2 protein chains.
Amino acid sequence: MSLQSLSGFRDFYPGDCALREHIFSVWRASSRAFGFSQYDGPPLEPLELYQKKSGDEIVGQLYNFTDKGGREVALRPELTPTFARMAGARHRDYKKPLKWFAIPQLFRYERAQRGRLREHFQWNGDIVGEPSLSAEAELLALIDHALRGLGLTREDYVIRVSDRVFWLDFLADRGVTDEKGIYNFLQMLDKIERTPEDEVRKKLNQFAGSYNLMLRSLEEEKREFADEVFTLLKTGTTGSFLDEIKEKKTASPRLNTLLEYCDALGLSDAVEVDLSIVRGLAYYTGVVFEVHDRGGKFRAIAGGGRYDNLLKLIADVDLPAVGFGMGDVVLGELLRDKNLVPSAADGDSYYLVITDETLRPQALTLAATLRAGGYRADYPLSAAKVGKQFQAAEERGHRFALIVGQEYAADGVCGLKTLATREQVNIRPLIEHGKVTSLAPVAC
Amino acid sequence: MSLQSLSGFRDFYPGDCALREHIFSVWRASSRAFGFSQYDGPPLEPLELYQKKSGDEIVGQLYNFTDKGGREVALRPELTPTFARMAGARHRDYKKPLKWFAIPQLFRYERAQRGRLREHFQWNGDIVGEPSLSAEAELLALIDHALRGLGLTREDYVIRVSDRVFWLDFLADRGVTDEKGIYNFLQMLDKIERTPEDEVRKKLNQFAGSYNLMLRSLEEEKREFADEVFTLLKTGTTGSFLDEIKEKKTASPRLNTLLEYCDALGLSDAVEVDLSIVRGLAYYTGVVFEVHDRGGKFRAIAGGGRYDNLLKLIADVDLPAVGFGMGDVVLGELLRDKNLVPSAADGDSYYLVITDETLRPQALTLAATLRAGGYRADYPLSAAKVGKQFQAAEERGHRFALIVGQEYAADGVCGLKTLATREQVNIRPLIEHGKVTSLAPVAC
């Protein structure tokens with residue numbers, strides 16, 4: 001019996017791997033276009049690193065174990081703690097703001113469910129040392145640039161921005177400052193899209209009741225607590241972004257500033273305000289955001305926000321930071337859904353057809369000089385009939401067949417056949433210093 | 001106290017990561033130029049996969065553990081077993097010969113030694129379904145292409161080819177067919193470069209004595225067993241490759257054929273025969289090879305060979321295969337040694353200098369349209385003096401500063417300063433459909 005791979009881990013056969021690498025190459029190109037430098041950390045870290053950031057309850061979701069040296073270690077569930085450790089340790093060696101990106105593979109161990117993955121790849125972009133909202137705007141522009149580089153349009157996706165601190169201020173202003181109360185309130189917002197409005201309103205009013213907030217709402221605002229919350233939420237979701245800027249309609253001064261930057265960066269029709277977004281992770285300290293497909297068919301494409309306290313916690317360095325993560329799984333599903341998977345045959349490539357085995361040495365030399373000249377070239381590794389060779393050229397996704405026959409041995413002339421159209425011309429490879437520098441057409 | 005990473009795991013800060021990514025990009029480009037398709041497998045596999053290939057003794061070197069579900073698993077020490085599993089499982093879906101490559105991170109757990117790594121990246125190239133030596137030749141040409149793509153020359157490295165089966169035939173011919181005898185003999189060859197010749201000769205003759213081989217050697221060859229072995233070794237190491245082909249001097253018919261292919265592929269001055277190379281791994285079934293720096297300063301740069309039985313063992317499919325691995329660590333050391341590390345400033349990039357904060361919205365829009373047009377552009381995220389901005393442009397490795405002043409707001413004209421030469425000209429960014437399409441010079 002042949003062996004199986006572990007449940008939740010993917011085999012990347014060539015087609016799947018080509019899509020993965022296409023995504024990675026766009027992520028890298030966009031990052032570089034924006035002046036981000038690539039970094040990476042170990043896929044295995046001390047368990048303590050994740051406990052320090054997220055508390056002991058995180059351990060249940062981690063792919064952690066005791067290594068042969070008795071150390072408690074974990075396959076990284078996210079890169080941010082590693083990033084905080086690295087950036088914190090050597091931040092003096094780099095100019096601030098520091099703009100870094102990475103494409104780590106991440107791991108988690110949850111109960112096995114059908115189709116549930118235990119690993120995925122994630123593009124991470126982070127800016128350290130910049131307190132202003134121009135850092136958030138820069139990340140949103142970067143995300144938008146990459147999604148468009150993958151062929152998506154702003155009709156396919158939307159970047160929803162929110163402000164976690166706005167709600168903390170809102171609660172503090174009403175005397176709710178205990179962790180549990182804050183948590184419960186944010187949980188209600190987080191679930192708002194998946195819960196009937198009646199039920200949310202009921203829960204909000206119950207919450208208000210337990211904190212004696214009802215009276216204030218009724219007295220000052222002439223309405224119930226739930227009404228007040230829904231009104232605030234709706235200022236952010238009326239859709240027209242430009243109206244919101246012009247009228248300074250969002251309830252958060254931070255979002256108003258962010259929207260101005262976004263407008264200058266040409267993101268007007270990509271960004272919307274949605275104050276119901278609070279993000280699960282407790283370490284966010286300001287603006288948070290999520291990217292969704294507009295059709296609402298998939299989970300979030302990306303998410304992130306400001307985390308000004310994490311470098312202090314992990315690396316004892318007081319530096320503001322903002323970052324995002326974009327996974328390969330949902331993005332891949334969306335690209336497939338939108339028919340944006342690139343074809344295997346990317347660009348020109350040549351398959352040498354060897355018409356007579358005695359010509360094999362000449363064909364090998366031609367393949368070598370083509371490749372040295374920057375051409376993509378392949379040839380049959382063993383003798384095959386000419387018809388089979390043309391078939392192989394097509395099946396392997398080559399654009400051209402280059403026919404090496406007696407005319408090549410005698411005069412250096414090959415037939416060049418465009419496989420899609422069956423058109424054929426004669427060409428003479430020009431070889432200089434062991435490299436093919438051109439494939440010049442030859443008059444018939 | 002800040003947290004440390006695990007011993008033996010590397011942090012890739014931007015400079016180190018840039019070198020790593022440079023190596024990866026050349027590996028990928030060479031693979032594609034040769035018609036190889038990229039694949040990947042899980043970094044974590046069932047322990048059994050490695051036991052099946054290498055026996056139980058391998059476990060001592062593995063980064064293995066029991067997972068939360070009670071499964072015995074291991075971080076992959078090599079990709080070949082995964083490759084054999086994957087290629088074996090779906091070989092019918094792909095045309096043979098199958099040419100695949102990957103760049104996995106690999107892991108091992110050995111006693112911690114200073115500077116000894118527990119992970120590295122490795123470029124793997126494999127051909128499945130081709131029994132002829134043209135497959136080996138193709139891999140050697142691929143390795144050579146990549147090393148030259150990294151800036152190395154054939155004066156920096158040499159590809160040493162050998163034939164494991166030649167020695168197995170040699171021993172069988174003399175009646176030595178037991179595994180232990182074969183192992184002991186190959187071990188002696190493997191250590192020949194690090195052992196004084198006297199000592200090797202003594203051990204070879206002792207070995208011959210224990211198998212009663214001495215008599216035959218003396219009778220037929222008129223010399224001692226050790227002499228015979230050394231004479232065979234030297235036919236392969238006389239240096240001049242072309243002489244060896246012409247005179248069919250190597251003792252292995254397989255190597256003679258391989259050398260003919262290598263000659264046609266332009267590898268004459270890259271490849272040498274060295275029959276002392278046997279490779280540690282027992283699963284090789286034919287030609288084996290190693291790549292070394294000619295200076296002999298480093299460990300092997302790459303190694304590989306034919307393994308015609310592994311797919312049968314792992315996936316119950318009878319397909320011949322040949323492959324190689326090239327690690328990032330020794331290669332990186334060699335590139336540093338030869339001063340072939342690319343500089344951080346790769347290609348044109350633009351840093352926008354904002355002369356007046358009121359111009360920030362225009363500068364942001366210009367940055368966005370530059371990036372949309374395929375330019376690499378960056379700008380200060382918060383207000384800074386103009387002198388500081390020029391300094392930042394240089395420190396971040398940009399080639400140009402693009403000065404956004406009142407003239408840009410009024411007439412769309414920017415100063416373009418080449419930072420290395422301090423030369424400055426006026427240009428007008430041409431913006432079409434939200435993208436900068438050119439930076440046209442403006443007459444003074």
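The values are calculated or read from the model by the stated rules, or taken from the named source; none is laboratory data. Keep in mind that what you see is a predicted model, and the values were worked out from it rather than measured. Methodologically, a virtual Cβ is constructed for each residue, glycine included, from the backbone with ideal geometry; neighbour enumeration extends over all protein chains shown. For accessibility, only protein heavy atoms count, side chains too; no ligands or nucleic acids. Shrake-Rupley method; radii C 1.70, N 1.55, O 1.52, S 1.80 Å.
Between the amide H of B:V353 and those of B:L402, B:I403, B:V404, distances stay under 5 Å, these residues lying 5 or more places away or on another chain, with hydrogens modeled in the peptide plane. Phi-derived couplings, Karplus 6.51 cos²θ - 1.76 cosθ + 1.60 at θ = phi - 60°, listed residue by residue for region A:306-321: 8, 9, 6, 9, 6, 5, 5, 5, 7, 10, 6, 10, 8, 9, x, 8 Hz, with x used for Gly and Pro.
Taking amide H atoms as placed 1.01 Å from N in the peptide plane, the amide H of A:N426 lies under 5 Å from those of A:L416, A:V442, each 5 or more residues away in sequence or on another chain.
As a length-normalised measure over Cα pairs under 8 Å and 6 or more apart, the relative contact order of chain B settles at 14 percent. Residue by residue, region B:427-437 carries 3J(HN,Hα) couplings of 9, 10, x, 8, 10, 10, 6, x, 10, 6, 9 Hz when phi is fed to the Karplus relation 6.51 cos²θ - 1.76 cosθ + 1.60 (θ = phi - 60°); x denotes Gly or Pro.
Among the protein heavy atoms, those of A:Y375 account for about 50 Å² of accessible surface (1.4 Å probe, every chain in place). Between B:Q206, B:Q38, B:Q391, the Gaussian network model of chain B with springs among Cα atoms under 10 angstrom shows the greatest mean-square fluctuation at B:Q391. Restricting region B:32-131 to trypsin sites (Lys or Arg not before Pro) that sit in a DSSP loop and have at most 10 other Cβ atoms within 10 Å of their own Cβ leaves B:R111, B:R114. Counting only protein chain heavy atoms and rolling a 1.4 Å probe, the accessible areas of B:S438, A:S252 rank, largest first, as B:S438, A:S252.
Among A:Y13, A:Y261, A:Y63, the largest mean-square fluctuation in a Gaussian network model of chain A, built with springs joining Cα atoms closer than 10 Å, belongs to A:Y13. Dividing the Cα radius of gyration of the protein assembly as shown by its Kirkwood radius returns 1.02 for Rg/Rh.
Rounded to the nearest Hz, the phi-derived 3J(HN,Hα) couplings of region A:144-156 under the Karplus curve 6.51 cos²θ - 1.76 cosθ + 1.60 (θ = phi - 60°) are 4, 4, 5, 4, 5, x, 7, x, 6, 10, 6, 7, 8, where x marks glycine and proline. Of the candidates A:G295, A:G115, A:G387, which one comes out as most mobile in a Gaussian network treatment of chain A with C-alpha springs shorter than 10 Å? Highest fluctuation of the listed residues: A:G387.
Free of any GluC sites (Glu not before Pro) that DSSP assigns to a loop and that have at most 13 other C-beta atoms within 10 Å, the longest stretch within chain A is A:156-422. Annotation note: trypsin sites (Lys or Arg not before Pro) in region A:394-444 located in DSSP loop regions with a Cβ neighbour count of at most 10 within 10 Å are A:R422. The Rg/Rh ratio of region A:20-144, with Rg taken over Cα atoms and Rh as the Kirkwood radius over Cα pairs, comes to 1.00. Between copies, A:D198 shows label-point distances of 9.9 nm, shortest first, with the point placed 7 angstrom from Cα along Cα to C-beta.
Relative to one another, the C-alpha centroids of region A:375-444 and region B:250-298 are positioned 30 Å apart. On the principal axes of its alpha-carbon atoms, region A:305-374 has extents of 71, 34, 16 Å, going from largest to smallest. Straight-line cross-link partners of A:K385 among the aspartates and glutamates, defined as a Cα under 14 Å from its Cα and at least 8 positions apart when in the same chain: A:D356, A:E357. For chain B, a Kirkwood hydrodynamic radius built from all Cα pairs, placed in the Stokes-Einstein relation at 25 °C and 0.890 mPa s, yields a translational diffusion coefficient of 95 µm²/s.
Think of the axis that spins chain A onto B; the A residue whose C-beta lies nearest it, and the distance in whole Å, is A:F65, 2.
Only Lys, Arg, Asp and Glu carry charge here, each on its Cβ (+1 for the first two, -1 for the last two); on that basis chain B has a dipole of about 980 debye about its Cα centre.
How far is helix B:179-190 tilted off the main Cα axis of chain B, in degrees rounded to 10, range 0 to 90? The angle comes out at about 50 degrees. Residues whose amide H comes within less than 5 Å of that of A:D163, counting only those at least five positions distant or on another chain, are A:V288 (H built at 1.01 Å from N in the peptide plane). Here the average projected area of the convex hull drawn through the C-alpha atoms of region A:34-74 stands at 4.1 nm². Starting from the label point of A:S268 at 7 Å along Cα→Cβ, the same points in the other copies fall at 6.8 nm, in ascending order. The distance from the alpha carbon centre of region A:3-42 to that of region B:123-184 is 31 Å, rounded to a whole number. The helix-based estimate of mean residue ellipticity at 222 nm for chain B, built from -39,500 (n - 2.57) per DSSP H run of four or more residues and divided by its residue count, is -12000 deg cm²/dmol to the nearest 500. Between helix A:14-33 and chain A there is an angle of about 60 degrees, using the helix long axis and the longest principal axis of the Cα atoms.
In region A:124-217, the portion of solvent-accessible area held by carbon and sulfur atoms comes to 49 percent [1.4 Å probe, whole percent, DNA, RNA and ligands not counted]. Strictly over 31 Å apart at the Cα level, which of A:K202/B:K68; A:K180/A:K234; A:K312/B:K388; A:K95/A:K180; A:K191/A:K338; A:K417/B:K338 would you flag in this model? Beyond 31 Å between Cα atoms: A:K202/B:K68; A:K95/A:K180; A:K417/B:K338. When every Cα-Cα distance of region A:155-219 is counted in 5 angstrom steps from zero, the calculated P(r) takes the values 4, 14, 24, 23, 19, 8, 4, 3, 1 percent. The Cα atoms of region A:279-408 give a gyration tensor whose axes a ≥ b ≥ c have a/c of 1.5 or more with a/b greater than b/c, which makes the shape prolate.
Counting Cβ atoms of other protein chains within 10 Å of each Cβ in B:151-159 and taking the mean gives 0.
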